[in-house]
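The values are calculated or read from the model by the stated rules, or taken from the named source; none is laboratory data. Since we're looking at a predicted model, the values are computed, not measured. So basically every Cβ, Gly included, is an ideal-geometry build from the backbone, and we count neighbours across all protein chains shown.
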Amino acid sequence: MIIKFEKVRQEVIDAGLEMLKSQLVVGTWGNISARVPGEDCIAITPSGVDYDTITTDGIVILDMDGNIIDGNKKPSIEYNLHLAVYKAREDVDAIVHTHSSYCTSMAIARKPIPAAAEDLVQIVGGDVRVTNYVLPGSKELGDEAVKALKDRNACILANHGCLAVAGNLKEALKTAFIVEKSAKATIFANIMGGVVELGQGDIDFMRDFYVNKYGQK
């Protein structure tokens, strides 16, 4: 049987397995999506299915209005959240939503992750803001996420978890890992007496370095 858009669907599955293995989620919580290259649609994880049992035809293909184009499952209830981000951010081709422990701690305390760790500001672009609280699965959650993601590649969804975005799934996952590490470090730093944030000039320099000079360009 020929599976439409099989490559991107498999990439979403692989990202989900990595997210599960790394304990960024437990059970069936969290969700992942990616734009389908060359098409005006996205591939997104199904609702309530264990990551290690999802098959390629179980990854749902949605158009940008949320209509199912292909797939034998219901999409994640957070499809509105994903679509809102894609519509607002042409630079975003992949989204990872986690329920990791330390980010969830920041989410339920409704505290931002300050711009204090160099790797965080390099990959996110500054601090990690917290959204206003709205119910999961709502269109309003997408609106809140878009606001919190302005000039950023991650945000904290209040009382919920982390949303990380990037130009591909590998980078989105890396962003989620860095944000979780930074959330943990922030909690520990506050126990030790407080966080010392970086200056905006240093943040801008490091973000530019990461985008334009870091790695094998």
Original post:
Which of the residues spanning the stretch 144-159 are buried (at least 24 other Cβ atoms within 10 Å of the Cβ) and out of contact with any Asp or Glu (no Cβ under 8 Å at 6 or more places or on another chain)?
Top reply: 145, 149, 153, 154, 155, 156
**OP:** Residues that are farther than 25 Å from residue 8 by Cβ, touching a residue at least 12 places away in the same chain (Cβ under 8 Å) and touching a Phe, Trp or Tyr at 6+ places or on another chain (Cβ under 9 Å): find the helices (runs of 4 or more DSSP H) completely inside the stretch 110-217 holding 2 or more of those.
**Re:** 118-124, 169-192
Original post:
Can you name the residue in the stretch 87-109 that is in a loop (DSSP other than H, G, I, E, B) and touching a Leu at 6+ places or on another chain (Cβ under 8 Å) and, of all such residues, is farthest from residue 188 (Cα to Cα)?
Top reply: 89
Original post:
With 75, 114, 46 as the choices, which residue is modelled with pLDDT of 95 or more, crowded, with 18+ Cβ neighbours inside 10 Å and in contact with an Asp or Glu (Cβ under 6 Å, 6 or more places away or on another chain)?
Top reply: 114
Original post:
For the stretch 35-83, list the strands (runs of 3 or more DSSP E) that sit wholly inside it and hold at least 1 residues that are more than 24 Å from residue 141 (Cα to Cα) and not small (Gly, Ala, Ser); which are they?
Top reply: 68-70
Original post:
Counting just the residues of the stretch 57-101 that are hydroxyl-bearing (Ser, Thr, Tyr) and closer than 18 Å to residue 18 by Cβ, which one comes out nearest to the chain's Cα centre (by Cα)?
Top reply: 98
